[in-house]
Amino acid sequence: MQIARSHVLICGGTGCLSNNSMKLKEHLENKLKELDLEKEVQIIMTGCFGLCAEGPIIVVYPEGAMYSQVSIKELDTIAEEHLLKGRIVEKLLLANRTQAYDEEGHQVENTDFFKMQKRVALRNCGRINPENIDEYIAYDGYQALGKVLTEMTPQQVIDEITASGLRGRGGAGFPTGTKWKFAAASEGDVKYVACNADEGDPGAFMDRSVLEGDPHSVLEAMAIAGYATGAHQGFIYVRAEYPTAVKRLNIAIDQAREYGLLGKDIFGTGFDFDIELRLGAGAFVCGEETALMRSIEGHRGEPRPRPPFPAVKGIFDKPSMLNNVETYANICPIILNGAEWFASMGTEKSKGTKVFAVGGKINNTGLVEIEMGTPLREVIYNIGGGVPEGKKFKAAQTGGPSGGCIPASLIDTPMTYDDLNEIGSMMGSGGLIVMDEDNCMVDIAKFYLGFIVDESCGKCPPCRIGTKRMLELLEKITDGRGEEGDVERLEKLAKNIKASALCGLGQTAPNPVLSTIRHFRDEYDAHVRDKKCPAAVCKNLVRIVIDKDKCRSCGLCAKNCPVSCIRGERKVPYEIDYTKCIKCGACIERCPFNAISRES
Amino acid sequence: MKSLAELAALRQKSLDKLNMRNEDSERQRIVVGMATCGIAAGARPVMNTFVEEVNKRNLTDVAVSMTGCMGMCVLEPMVDVYDTKGNKTTYVHMNPEKAKRVIAEHIVNGQPVTEFMITAEEANNA
């Protein structure tokens, strides 16, 4: 077969797909025909590069030139200049598009964003075509499975994983080797392994990117897990809201079956293993392991008390083992490079790397993989490019609705399981939401609790009723009806819920509230005592004011006010009728002189 | 897939196709001037010959790429060959036949084809 002279990689992660990258691909195909380059240039749809803020991303090899925010018109320029004439279109390069990535040269690897990362779980994302098993195989795909099946005993596999120090990447950080050991030790003729791809934390999309960019790495690792624990059937529980991931998983499973890498007698060793997908219908609680297993069986996804643990009694009451997507994505490199290699990365108790989905008030929204123990500061300022508009960093939220906040004063905290737990946050699955001075921490706590109240399955009262009561208290505080003692009541309720809820969802639900109280008690007090919201977010506690010196009486605010509460005449500053104002902020947006603002 | 050997064979085959994306591998680069002047002088068949030869000989450590006008349009089609250390050899007035010899003598056997190389005189007059 003809080897192409140039490879054009177009990002096909959900971030870039929603930025029209599929259209770009079709357009480029036509353009190449027009330029008679179709045989010389190969177009490959890949997984997420991690630079979602700059999408759609296109990389042209062999130069490794990375273009960002490419429009159809600009794509024509790239085709005509770069692909036809070999001139890199400098002005469209990522490095020249945004200051955040200013680095010499155009090579992908030279940008700050990539230089400081260590990509293990994301090793193939943005490098291979996820819909082509051959490309995965080219980069050592299925080598680990071959090695395990032909050279290692199940016990050796478990020992290797244990020695690597890998801990569950879904959030809690349970040692993976220990989990595998329990499942292997469990008696039973039928066992199952499962993959938790029910990624539900607001703002988290690491698992989605791995599944979209490198689905085979998960399939291969599950087969290894099956061999180690004695299972012959795997389930991937993936949310139906991830259509691209589901599609690519299905393609990957079909290809693996066709090659005999799934199915009967893999590598002629007599080992059988197959994988089925199960689609989740979007309930957050189904990310909890017992609820997930109930859902796989076809029942309503509700947790049940443990013990018995899933390793003893899981899916269809058989011994089962569940790991997170990212955990699986780490398995093959450990097998191929050895436990020592993996353990050499990270800190004493948190080995390896972790993927974070960085979002919120940050310049480089996207996906980053860093060595465990990297300080938060580095993630935010060096890789993330800092907070936009020169605003001040206030806090980062990790761990989603189960996690907590890291305040600016603790920005040098190393990102490890234990350090984050110590300051009242948690590693979680890897969502990292950055907040600046415009975010009200009480409001943030209210948001997460509101999410929990919506998503609580309702089986146990502490979670069903307790979180609702907590939300009511928070609403009371943000509405300006807070009383002395409300914060203490919140804390007491939180402790009770943590101690008595049935599953992980309820037990961790109060964390966002507790951690914001711990680090931002002054903001709570300002709401309760002074009836003020320091960040000017909580509607009932702010007023919209017109700066008389700045107002030029243009009347735009009055024209755009939906309740007609602004009045004025020429040469006289306009005024707001506070009895009618609904604080929608439309006037602030419209004022050409920045004369209108929120005041707490 | 019934054996590891089968997997290894498939891996090698696929890897060859992807070698281009392996930026850290040490490779020689053949850079063909493909600006308007180069194309007009016949750079495209030269480029195609390089690609074909590289494929035919299964050379995985060579990248063929293009570049713009080097400014010496009179000497086009021009081709630069970079070795793994970045040293450059410039060939001028190329054609498909010459390209085949560059592959055979320079790329494969490490002997630059002196007779096709740019001379000091040409460089000064261009």
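The values are calculated or read from the model by the stated rules, or taken from the named source; none is laboratory data. Owing to the predicted nature of the structure, the values given are computational and were not obtained by experimental measurement. Virtual Cβ from ideal backbone geometry, glycine too; neighbours counted across all protein chains shown. When the accessible area is computed, the model is the full protein with side chains, heavy atoms only, and any ligands, DNA or RNA have been set aside. Shrake-Rupley method; radii C 1.70, N 1.55, O 1.52, S 1.80 Å.
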- Query: Restricting the search to segment A:430-446, which residues are out of contact with any strand residue (DSSP E or B) (no Cβ under 8 Å at 6 or more places or on another chain) and either closer than 13 Å to A:VAL387 by Cα or in contact (Cβ under 8 Å) with a residue 60 or more places away in the chain (or both)?
  - Reply: A:ASP438, A:CYS440, A:VAL442, A:ASP443, A:ALA445
- Query: Do you know which residues across segment B:13-30 are at pLDDT 80 or above and more than 8 Å from every other protein chain (Cβ to nearest Cβ)?
  - Reply: B:GLN28, B:ILE30
- Message: Report every pair of residues separated by at least 6 positions or lying on different chains whose Cβ atoms are under 6 Å apart, first residue within segment B:61-86 and on the phi < 0 side of the Ramachandran plot and more than 13 Å from every other protein chain (Cβ to nearest Cβ), second open to solvent by 10 Å² or more (accessible area, probe 1.4 Å) and part of a strand (DSSP E or B).
- Response: B:VAL81/B:THR89; B:ASP83/B:GLN28
- Query: Looking at this structure, is A:SER350 farther than 21 Å from A:TYR136 by Cα, open to solvent by 60 Å² or more (accessible area, probe 1.4 Å) and not aromatic (Phe, Trp, Tyr)?
  - Reply: no
- Note on the structure: Counting only residues that are open to solvent by 40 Å² or more (accessible area, probe 1.4 Å) and either part of a helix (DSSP H, G or I) or away from chain B (no Cβ under 14 Å) (or both), segment A:1-40 contains a total of 14
- Sole miss for B:CYS37 among (1) within 17 Å of A:ARG5 (Cβ to Cβ); (2) within 12 Å of chain A (Cβ to nearest Cβ); (3) among the hydrophobic types (A, V, I, L, M, F, W, C) is condition (1)
- Considering only residues that are within 20 Å of A:THR176 (Cβ to Cβ) and among the small types (Gly, Ala, Ser), look in segment A:196-222 and name the one that is surrounded by the fewest Cβ atoms within 10 Å (Cβ to Cβ). A:ALA204
- Inside segment A:204-221, can you point out the residues that are under 10 Å from the mean Cα position of the chain (by Cα) and closer than 20 Å to A:TYR192 by Cβ? A:ASP207
- Item | Residue ID - least open to solvent (accessible area, probe 1.4 Å), chosen from residues in segment A:133-188 that are under 18 Å from B:LEU10 (Cα atoms), touching a Lys or Arg at 6+ places or on another chain (Cβ under 8 Å) and not in a helix (DSSP H, G or I) | A:GLY141
- Note on the structure: When segment A:122-132 is checked residue by residue, the ones that are within 9 Å of chain B (Cβ to nearest Cβ) and buried (at least 22 other Cβ atoms within 10 Å of the Cβ) are A:ARG127, A:ILE128
- Note on the structure: Checking B:VAL81, B:VAL62, B:VAL74 in turn, the sole residue that is surrounded by fewer than 18 Cβ atoms within 10 Å (Cβ to Cβ), under 29 Å from A:GLU80 (Cα atoms) and not acidic (Asp, Glu) turns out to be B:VAL74
- Picked from segment A:23-55 (must be without any contact (Cβ under 8 Å) to a residue 40 or more places away in the chain and out of contact with any strand residue (DSSP E or B) (no Cβ under 8 Å at 6 or more places or on another chain)), the residue nearest to B:ASN55 (Cα to Cα) is A:LYS39
- Message: Only one of A:TYR61, A:TYR101, A:TYR67 is at pLDDT 90 or above, aromatic (Phe, Trp, Tyr), closer than 26 Å to A:LEU122 by Cβ and crowded, with 19+ Cβ neighbours inside 10 Å. Can you tell me which?
- Response: A:TYR67
